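Worksheet: one structure, shown below.
The values are calculated or read from the model by the stated rules, or taken from the named source; none is laboratory data. Because the structure is a prediction, the values reported are computed rather than measured. Ideal geometry is used to build each Cβ from the backbone, glycine not excepted, and the neighbour counts take in all protein chains shown.
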Amino acid sequence: MWLPLSLMRRNIRLLYFVLLFNCITTWPAAHLPAQRSAAPVQLHLFNTAGGKAIAAGDSCINQYHETFTVRNFRYYLSHIQLADSTGKFYEAGEAETYLVDFTDSSSQHITLHHQGKAWFIRFLLGVDSSKNVSGVHTGVLDPARGMYWTWNSGYVMAKLEGRSEQSTAPGRNFTYHIGGYKPQQQTARSITLALSPAVAASKDITLVADILQWFGGKENISIATHPICHEPGALAVSIADNYTRMFTVQEPVETEP
């Protein structure tokens, strides 16, 4: 039985839309882009020394009773992800990489997006290898930001600088520029933190970054013994292992009803 040409065309169009609908509704969620219509989640970075807020020039004391002041404290956060109650992670950042600077308050507040409550947060402390091997970039990855080694073609993942009477370096300074992406020199660290029900419900995540963890946690790094780290290698890896433990999640402050 032959169908009219117009009816055949109509049936073909109908079949096309049915197939297209099935493809859209069965597409795996992991392949979907981040949903910008999802509710915003505010991420706040609170930089401290042993739980005490720090500003440039503040006096601090580390685990070895070394007194020091901080002049510069900066680090990259990349690929920030949030997970739902099933533990499935989704890209949440509006950008791929952020540069947090303790002297720039605007860099310490990041808007994320997530559908529903977030129960875990995961991010890379540093810059991923693909960025390190693809030359210089713009924005927060611009070498003018002072976080790029032109002599070694790679990014500094995190930087801590200051002054201490215990330092044997010129001017009693200490400078830790932690970088390295090649095998045995990798200093980028993946960090995953659980969020409590109170944090998940608040839509505000405050991460406390404790600089004292740079000196101890996994490896003992005193200013007197190691006042300078400016290149990839064993010392940089040890400091990176330490600052992996730098972040904790701060619980919301309860207010009176």
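Exactly one residue among Ser134, Ser105 is under 25 Å from Ile54 (Cα atoms), without any contact (Cβ under 8 Å) to a residue 40 or more places away in the chain and either buried (at least 17 other Cβ atoms within 10 Å of the Cβ) or among the small types (Gly, Ala, Ser) (or both), and that residue is Ser105.
Quick check on Thr69: is it modelled with pLDDT of 95 or more, closer than 30 Å to Arg172 by Cα and surrounded by 10 or more Cβ atoms within 10 Å (Cβ to Cβ)? So Thr69 fits the description; yes.
The combined condition, being among the aromatic types (Phe, Trp, Tyr), within 16 Å of Glu96 (Cβ to Cβ) and either touching a strand residue (DSSP E or B) at 6+ places or on another chain (Cβ under 9 Å) or not in a loop (DSSP other than H, G, I, E, B) (or both), is fulfilled by Tyr155. If the condition is being under 13 Å from the mean Cα position of the chain (by Cα) and either within 17 Å of Leu207 (Cα to Cα) or part of a strand (DSSP E or B) (or both), then region 114-134 contributes Ile121, Arg122, Phe123, Leu124, Leu125, Gly126. I'd like to check something: does region 138-153 contain any residue that is under 12 Å from the mean Cα position of the chain (by Cα) and surrounded by fewer than 17 Cβ atoms within 10 Å (Cβ to Cβ)? Within region 138-153, not a single residue is under 12 Å from the mean Cα position of the chain (by Cα) and surrounded by fewer than 17 Cβ atoms within 10 Å (Cβ to Cβ). Going by the structure shown, is Tyr176 in contact with a strand residue (DSSP E or B) (Cβ under 8 Å, 6 or more places away or on another chain), of a type in the set (Ser, Thr, Tyr) and at pLDDT below 95? Answer is no for this residue. Could you tell me whether Ile121 is more than 30 Å from Ser59 (Cβ to Cβ), surrounded by 15 or more Cβ atoms within 10 Å (Cβ to Cβ), among the β-branched types (Val, Ile, Thr) and at pLDDT 95 or above? In short, yes. Give region 51-69 a look and list any residue that's within 21 Å of His109 (Cα to Cα) and either within 20 Å of the chain's Cα centre (by Cα) or among the hydrophobic types (A, V, I, L, M, F, W, C) (or both), or say none. Passing the criteria: Gly51, Ala53, Ile54, Ala55, Ala56. Looking across region 228-257 at every residue that is at pLDDT below 95 and of a type in the set (Asp, Glu), the one that is farthest from Gly162 (Cα to Cα) is identified as Glu256. Count of region 165-194 residues, restricted to those that are outside any strand (DSSP E or B), aliphatic (A, V, I, L, M) and crowded, with 19+ Cβ neighbours inside 10 Å, is 1. Against the numbered list (1) surrounded by 16 or more Cβ atoms within 10 Å (Cβ to Cβ); (2) at pLDDT 95 or above; (3) polar (S, T, N, Q), Thr225 comes up short only at (1). Looking at Gly216 and the list (1) of a type outside the set (A, V, I, L, M, F, W, C); (2) surrounded by fewer than 16 Cβ atoms within 10 Å (Cβ to Cβ); (3) under 30 Å from Pro40 (Cβ atoms), which single condition is not satisfied? It is condition (3) that Gly216 fails.
Scanning region 203-233 for residues that are in a strand (DSSP E or B) and within 18 Å of the chain's Cα centre (by Cα) gives Asp204, Ile205, Thr206, Leu207, Val208, Ala209, Asp210.
Quick check, is Thr111 β-branched (Val, Ile, Thr), surrounded by fewer than 18 Cβ atoms within 10 Å (Cβ to Cβ) and assigned to a loop (DSSP other than H, G, I, E, B)? For Thr111, the condition - β-branched (Val, Ile, Thr), surrounded by fewer than 18 Cβ atoms within 10 Å (Cβ to Cβ) and assigned to a loop (DSSP other than H, G, I, E, B) - is not met. Can we say Ala236 is assigned to a helix (DSSP H, G or I) and in contact (Cβ under 8 Å) with a residue 60 or more places away in the chain? In short, no.
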